[in-house]
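> Before I ask anything, here is the structure I am working with.
The values are calculated or read from the model by the stated rules, or taken from the named source; none is laboratory data. If you're wondering where the values come from, they're calculated on a predicted model, not measured in any experiment. In this analysis, Cβ positions are derived from the backbone assuming ideal geometry, glycine residues included, and neighbour counts consider all displayed protein chains. Note: areas computed on protein heavy atoms with side chains; ligands, DNA, RNA excluded. Shrake-Rupley method; radii C 1.70, N 1.55, O 1.52, S 1.80 Å.
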Amino acid sequence: MVNDSGPSSEKNEVKENVEIWEDVVNIKDLLISLIISSITTLGGYLIAPDTPPKPLIFGLIGAIIGFIISSVIIKPKRTFQMMDEEK
Amino acid sequence: MDAILIMEMIAAAIAGAVLYTVIGIAPGTDETAVLAPVTLVLVLAGFEPIVILTFFISAIVAKKLTDSIPVAIAGIPGGVMSAPMVEHAMVLKKHGVPDLSIRKMASGSVIGTIIAVPMSLVLASLIAPLADVITDYSNQIFFGGAVFLALMTKNRILALVSIVPFALLIQGLRHLYWGIGAVPEDTTVFTSFFLGITIGPVILKLFELLNKDIRKKLPRHNKKEIRVNKHKVEKGFPNPFKILDKKEIGTTSFASVMGVLTFFMSPVGMTIFLGETLSSRVKDPIKRAARAISSMDGLTNAAYISGTLVPLIALGVPLSPTAIGPGSALFNAPPVFTLENNLHHLLSMSDFIIATVIGSIIAIGFTFYITIKYSQQICAFVFKYIPHEAMLGLFFGLVLMLSFMDAGWINIGGVLLISLVAGILHRWGVNYGVQFMVLYAAPWLVSVLVG
């Protein structure tokens, strides 16, 4: 995926996203998401009672919470269209 | 075997299928990280061994079916095993048919399962007499696997030369942790290193973002435009043999057989090697990608099931990457299971057959149906509402946590170091397969080098 179909028709939009792992992200949003997920996941692990496997379970719940928070506050950098099948 | 026990097994299979259908869809859920702890809890909670095995089989089948969804829609591996499929799934995504990838992959999974269950049982009884010899040479087998896979890559000399330094990096960190007391001397840090290799390419890219010059030179993009073709919902129960065409069924079956036979190899490495080999002659890019992902998914599923069942039935020691990773609690979970007293010793051949059949049938019935029927809805939802940033964040958070869990704060640095090296090697063409084999062979390799 080297180029995105030449000059885009979308007007007035500054090209500010970079591609990581086959999808485009905004560097600032990515940073926010990395920080949120790190805090919720590691935080969940650290505040859990120290009897296995509770830390792991708390950590996984933290990971899910972080994921949900990031999904709510960050908009996907995609435009999505459903098209009717041609034949 | 009484009716209550059978009911318990069915309940365990349903629980495994439902739970891991959800977990499988979540991107970046490493198989070892999500399967091993839950299995361990069940073992320690004192469930019947046969019920645990049923749960585990159902869980891996369901997980393998749904982890194709994040690959298809976002190019994020749903687990380590689906990493090799990313490239091909991306081709299909680019052509606007990500739901086609999902259906092809899920059907490949089903074929892999159908082939792997009976074959693993046969293979296990065949190699049981050789158990002692194989167990004695497991290190050599892993090392041989690394060399073999290195020879299969494009830059074979580079791959070969990288084996020893990479092994030194892994063992160097382990000895450091032992030396400074980060972990007890009988603990070998594994899971987090494994994950570190998996996210190597992403970590490398993140480090590059911190470099001003590289960051400025990176190509900038607008929003990504995605078009998905609407297709009509199939009536009735989806049939995997209709979703795949004849040639795809052929290569998928062949790949699955190979997956069973090479149960002791890194499934990721075999997946890359066979998937590429079997599809490289197909000209049309969409067809080639469909061929590759269906056979790769068949292979990973087959390798997973055989990697669990064959060592469990024939050897009683975890001598396959699957057994060492996700299935480790089935072999060793003191005080309930030890290497001298685990499922291998507690279950009979008919127990293994019943547990496997119940587990896999329930998982296929439930998960395959959901995956095929609702793949488009799932795709649409994820594309519209789930930002890529959140997925990367989730993966990153899990790696941090598992690094900390393995050996404390210092290991977060250690795993970043491994990721960085693994990411560079990966970019140079030393694929995951070679790196995983080195991870397994590292302790032996280093002891041989010292002499």
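> Of B:ILE412, B:ILE372, B:ILE418, B:ILE361, which residue is open to solvent by 50 Å² or more (accessible area, probe 1.4 Å), in a helix (DSSP H, G or I) and among the hydrophobic types (A, V, I, L, M, F, W, C)?
B:ILE361
> Here's something else I'd like to know. Given (1) open to solvent by less than 30 Å² (accessible area, probe 1.4 Å); (2) more than 30 Å from B:PHE331 (Cβ to Cβ), where does B:ILE305 come up short, assuming only one miss?
Checking B:ILE305 against (1) open to solvent by less than 30 Å² (accessible area, probe 1.4 Å); (2) more than 30 Å from B:PHE331 (Cβ to Cβ), the one that fails is (2).
> Can you say whether B:ILE52 is away from chain A (no Cβ under 14 Å), in contact with a Pro (Cβ under 8 Å, 6 or more places away or on another chain) and at pLDDT 85 or above, as far as the supplied structure shows?
No, not satisfied.
> Here is a list: B:VAL91, B:VAL133, B:VAL86, B:VAL110. Which entry is hydrophobic (A, V, I, L, M, F, W, C) and at pLDDT 90 or above?
Values: B:VAL91 fails: at pLDDT 90 or above; B:VAL133 fails: at pLDDT 90 or above; B:VAL86 fails: at pLDDT 90 or above.
Result of the check over B:VAL91, B:VAL133, B:VAL86, B:VAL110: B:VAL110.
> Having 2 or more residues that are open to solvent by less than 20 Å² (accessible area, probe 1.4 Å) and at pLDDT below 80 is the bar; report the helices (runs of 4 or more DSSP H) wholly within region B:181-249 that clear it.
Details: elements: B:191-198, B:200-209, B:212-217, B:240-243.
Correct list: B:191-198.
> Only one of (1) of a type in the set (Lys, Arg); (2) more than 24 Å from the chain's Cα centre (by Cα); (3) within 30 Å of B:ILE57 (Cβ to Cβ) is not met by B:ARG103, so which one is it?
All conditions pass for B:ARG103, except number (2).
> B:SER162 - would you say it is part of a helix (DSSP H, G or I), away from every other protein chain (no Cβ under 14 Å) and not aliphatic (A, V, I, L, M)?
Spelling it out, B:SER162 is indeed part of a helix (DSSP H, G or I), away from every other protein chain (no Cβ under 14 Å) and not aliphatic (A, V, I, L, M).
> Continuing with the same structure: Of the conditions (1) within 21 Å of the chain's Cα centre (by Cα); (2) open to solvent by 50 Å² or more (accessible area, probe 1.4 Å), B:GLY144 satisfies every one except a single condition; which number is it?
Going through (1) within 21 Å of the chain's Cα centre (by Cα); (2) open to solvent by 50 Å² or more (accessible area, probe 1.4 Å) one by one, B:GLY144 breaks only (2).
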